[in-house]
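Input: a single structure, listed below in structure tokens.
The values are calculated or read from the model by the stated rules, or taken from the named source; none is laboratory data. Only a predicted model underlies this, so the values are computations on that prediction, with no experimental measurement involved. Backbone-built Cβ (ideal geometry, glycine too); neighbour counts: all protein chains shown.
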Amino acid sequence: MLMDNPQPAAALAPVPMPLLDGDNVEAKRRELLSYFCQTFDQYESLFTLLADEQAWYTKAISLRHPLIFYFGHTAAFFINKLFAARLLTERVDANIEAQVAIGVDEMSWDDLDDSNYLWPTVAELRAYRNKVRQRVVAYINTMPISLPISWDSEAWLILMGIEHERIHLETSSVLIRQLPLKWLKPEPQWLANSTSAAAPQNRLIAVAGAEVTLGKPRHDLLYGWDNEYGQKRQVVAAFRASEMLVSNGEFLQFVEAGGYDTERYWSDEGWAWATFAEARHPSFWVKQQDGYHYRALVQLLPMPWDWPVDVNCHEAQAFCRWKSEQTGLSIQLPSEAEWTLLRQSFAGDLPQWQRQQQLPANLDLQHGASACPVNQFRQGSFFDLCGNVWQWTSTAIDAFEGFQVHPLYDDFSTPTFDGKHNLIKGGSWCSTGNCAIKDSRYAFRRHFFQHAGFRYVESSVSPQSRNPYETDELVAQYLSFHYGAEHFAVANYPQRCAQLCLSLLQPHQKNKALDLGCSVGRASFELAREFSQVDGVDYSARFINAAVALQQQGKLRYFTPTEGELGDYQQLTLAQLDISQQQAQRVHFSQGDACNLKAKYSDYDLVFAGNLIDRLADPAQFLTTIHQRINRGGLLVLTSPYTWLEQYTDKSHWLGGYRENGEAVDTLTGLHRCLDAEFELLQAPQDIAFVIAETARKFQHSLAQCTVWRRR
């Protein structure tokens, strides 16, 4: 049965986040429809605060689009995703859907974008949103639904659009909060909380250590973004955490102590931001003749000293360093694992509380459009383990084991896996839907503002961000070649070459090996299974950096193109290769020139030069001197497809592939000329196939000739 389009709900009337399971498809359809309409209405309600055209078209901050963009963006998202999934065949407005499709992610703090845009009018976007609403309602009414809803179903795409708009409800409210008040008009449902008193005294409370499991399983009953799934187990040592979030009153001590003038409290990145921004106090503090006032969404209030301070990550970290200096304790932001351990001490989550009509936290806009006192919502031994304001952590966001991108939203998380985006946890007064659940994982650049504050911990943890995705096209291609899937039943090339080398040597000949032209390191790691020491040397610092990152972190992520700008994100680990950390540490990677190696590269039982000689400027010079680095009885193993190109090797230096006195000279002949004085050919040359994937449907399929030479 088709359902009528529900009438717009009261803007702030909560609708519980739908569970993914159930036993009644039509009941679930009604639930999804109600959730969509309440989300759409609530988002439009936020924009009723804009009273002046300048509020629509002026950037609140230079690193974001004006609000007119976001007003259209969330509606276009539904159409663009459904169209990309080929679930819609006609667009609502192709021009608008192109203009407001992308460009919402922040740039770095000093990367100013002054591009001009011809934005639609407000009336045009209102009309567009109405059309989108009708189209999506019609789609929900007729789409197939099977329960439980999975992330490859049509209903998942609808939830994706809804939760995406709920994210922008919050981020757009932050932009409105940064616009001049004269461009805004207060509306009753968007007024601030009125409760305030003197700032309470904060204190540290002991937390017992425990093992925590981060990430949620695929069968979880709440919608999740890609970065929420997977698993990471972590042992958290005992620590102490502040009972309350840091209040405006507590942060005032840092301001009055000259915190914004003292460079030693700031990281290099943070001090650069503070200097650039000329920051003297938190951004939402307004200093007037009678003291500080507080900028709420559409109001300027007397300073509520007992509300949580709104700061970016740099400011929170600087406060912690100041606090450490004052107390002599190791004060810092909690890690994601420490925050999770705190959150686990308080049972329940937003959907459950909504259904019970009892919210024990300042979430979902149910306690006014602002923060509230830091001692208002006790949650076990602490206050505000969730809600009130987001809480900065010391953890840079990264993926859990088992991470996968959704094929229709492949850039939701991966651009933030760069070590520059710190996680915020817990949700704020403006957080609804997925934003407000305990498993949500959002991250922003450390200089950006949300409705975010912090609590501090006394802890010895020093969180390290794992390596970001490798997106260098050539490096990623070689990572795929070395560590990716096999194609056309052709065995992994560097692995096969290493196995061949190992099979030719006696046990006493496995002390030192040199992998010349090691690229991203697979053969080096394979040789380290049996060699005591392996030197991996490559001319390319980019390749060496990738190999070292894999060695140090035990894992690496990279992007492989499939077609055009599309592609897949891959993760490789040494554990998947059955290479232990002990074996991996036997490899010493360094940048070097095969034709001009340092003297320290000597006394080798094996020198392996895989697909190297036809990329050297002077291969003969390399070959006629390499014996000086190999022990007597040691091996030189060469592989090459002999693709001589003048862009790499001047024709006068080719070893083969030319005529001499009218007679053909092949490369094997050239090898004998260079090597016979010091080496003997150990066995007949053999061909080894290799395949390099360029895209999902384009591959290089080549044959390299392998020759094995023993030093006399």
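Observations on the model:
A quick yes/no check of all residues on (1) among the hydrophobic types (A, V, I, L, M, F, W, C); (2) more than 30 Å from Ala541 (Cβ to Cβ); (3) outside the structural domain of Phe382 (by TED's automatic domain parsing):
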| residue | (1), (2), (3) |
| --- | --- |
| His406 | no, yes, no |
| Thr414 | no, no, no |
| Thr432 | no, yes, no |
| Phe481 | yes, no, yes |
| Ala485 | yes, no, yes |
| Val490 | yes, no, yes |
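- Scanning region 574-594 for residues that are under 18 Å from Lys510 (Cα atoms), touching a strand residue (DSSP E or B) at 6+ places or on another chain (Cβ under 7 Å) and not in a strand (DSSP E or B) yields one hit, Arg586.
- Exactly one residue among Ala704, Ala693, Ala689 is in contact with a strand residue (DSSP E or B) (Cβ under 6 Å, 6 or more places away or on another chain), assigned by TED's automatic domain parsing to the domain that holds Ala513 and modelled with pLDDT under 95, and that residue is Ala693.
- Whichever residue in region 46-59 is surrounded by 19 or more Cβ atoms within 10 Å (Cβ to Cβ) and out of contact with any strand residue (DSSP E or B) (no Cβ under 7 Å at 6 or more places or on another chain) and, among such residues, is farthest from Leu365 (Cα to Cα): Phe47
- Across region 320-345, the number of residues qualifying as under 21 Å from Ser431 (Cβ atoms) and surrounded by fewer than 18 Cβ atoms within 10 Å (Cβ to Cβ) comes to 2.
- If the condition is being farther than 14 Å from Leu655 by Cβ and either in a loop (DSSP other than H, G, I, E, B) or not assigned by TED's automatic domain parsing to the domain that holds Ser640 (or both), then region 595-610 contributes Asn596, Leu597, Lys598, Ala599, Lys600, Tyr601, Ser602, Asp603.
- With respect to the conditions (1) over 30 Å from Lys323 (Cα atoms); (2) in contact (Cβ under 8 Å) with a residue 40 or more places away in the chain, Pro188 falls short on a single one, namely (2).
- Taken over region 60-93, the criterion of being of a type in the set (S, T, N, Q), surrounded by fewer than 20 Cβ atoms within 10 Å (Cβ to Cβ) and under 15 Å from Arg135 (Cβ atoms) is satisfied by Thr89 alone.
- In region 410-446, the residues that are of a type in the set (Lys, Arg) and touching a strand residue (DSSP E or B) at 6+ places or on another chain (Cβ under 8 Å): Lys420, Lys425, Arg441, Arg445, Arg446
- Looking across region 416-436 at every residue that is more than 23 Å from Ala60 (Cα to Cα) and in contact with a Gly (Cβ under 8 Å, 6 or more places away or on another chain), the one that is surrounded by the fewest Cβ atoms within 10 Å (Cβ to Cβ) is identified as Asn434.
- Restricting Pro360, Pro351 to residues that are closer than 30 Å to Arg233 by Cα and not in a loop (DSSP other than H, G, I, E, B) narrows the list to Pro351.
- Any hit, region 159-168, residues being farther than 26 Å from Asp93 by Cα, at pLDDT 95 or above and touching a Phe, Trp or Tyr at 6+ places or on another chain (Cβ under 9 Å): no
Conditions (1) surrounded by fewer than 21 Cβ atoms within 10 Å (Cβ to Cβ); (2) closer than 30 Å to Glu26 by Cβ; (3) hydroxyl-bearing (Ser, Thr, Tyr), marked per residue:
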| position | (1), (2), (3) |
| --- | --- |
| Val137 | yes, yes, no |
| Ser146 | yes, yes, yes |
| Ser150 | yes, yes, yes |
| Trp156 | yes, yes, no |
| Gln201 | yes, no, no |
| Ile205 | yes, no, no |
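- Within the set Gln379, Gln358, the sole residue that is touching a residue at least 12 places away in the same chain (Cβ under 8 Å) and closer than 28 Å to Glu163 by Cα turns out to be Gln379.
- Residue among Gln583, Gln551 that alone is more than 24 Å from Ile692 (Cβ to Cβ), under 32 Å from the mean Cα position of the chain (by Cα) and crowded, with 18+ Cβ neighbours inside 10 Å: Gln583
- Pairs linking a residue in region 684-711 that is in a loop (DSSP other than H, G, I, E, B) to a residue that is at pLDDT 95 or above and aliphatic (A, V, I, L, M), with Cβ atoms under 8 Å and 6 or more positions apart or on different chains, are Pro685/Leu668.
- Residue match in region 620-629 (condition: touching a Cys at 6+ places or on another chain (Cβ under 9 Å), of a type outside the set (S, T, N, Q), at pLDDT below 95 and farther than 29 Å from Val490 by Cβ): no
- Options Thr39, Thr74, Thr58; residue that is of a type in the set (S, T, N, Q), more than 13 Å from Glu165 (Cα to Cα) and in contact (Cβ under 8 Å) with a residue 12 or more places away in the chain: Thr58
- Of all residues in region 397-446 being in a loop (DSSP other than H, G, I, E, B) and of a type in the set (Ser, Thr, Tyr), the one that is nearest to Pro16 (Cα to Cα): Thr432
- Summed over region 492-535, the residues that are under 25 Å from Lys598 (Cα atoms) and under 34 Å from the mean Cα position of the chain (by Cα) give a count of 18.
- Close pairs from region 647-672: first assigned to a helix (DSSP H, G or I), partner among the acidic types (Asp, Glu), Cβ under 8 Å, at least 6 apart: His653/Asp618; Thr667/Asp614
- Taken together, the residues in region 221-268 that are within 30 Å of Tyr569 (Cα to Cα) and out of contact with any Phe, Trp or Tyr (no Cβ under 9 Å at 6 or more places or on another chain) amount to 6.
- Within region 363-396, the set of residues being part of a loop (DSSP other than H, G, I, E, B) and not hydrophobic (A, V, I, L, M, F, W, C) comprises Asp364, His367, Ser370, Pro373, Asn375, Gln376, Gly380, Ser381, Asp384, Gly387, Asn388.
- Residue in region 681-696 that is farther than 23 Å from Ala523 by Cα, surrounded by fewer than 17 Cβ atoms within 10 Å (Cβ to Cβ) and not acidic (Asp, Glu) present: yes
- Of everything in region 299-319 that is buried (at least 22 other Cβ atoms within 10 Å of the Cβ) and of a type in the set (A, V, I, L, M, F, W, C), the residue that is nearest to His447 (Cα to Cα) is Cys313.
- The residues in region 626-682 that are in contact with a Phe, Trp or Tyr (Cβ under 7 Å, 6 or more places away or on another chain) and at positive phi can be counted, and the count is 1.
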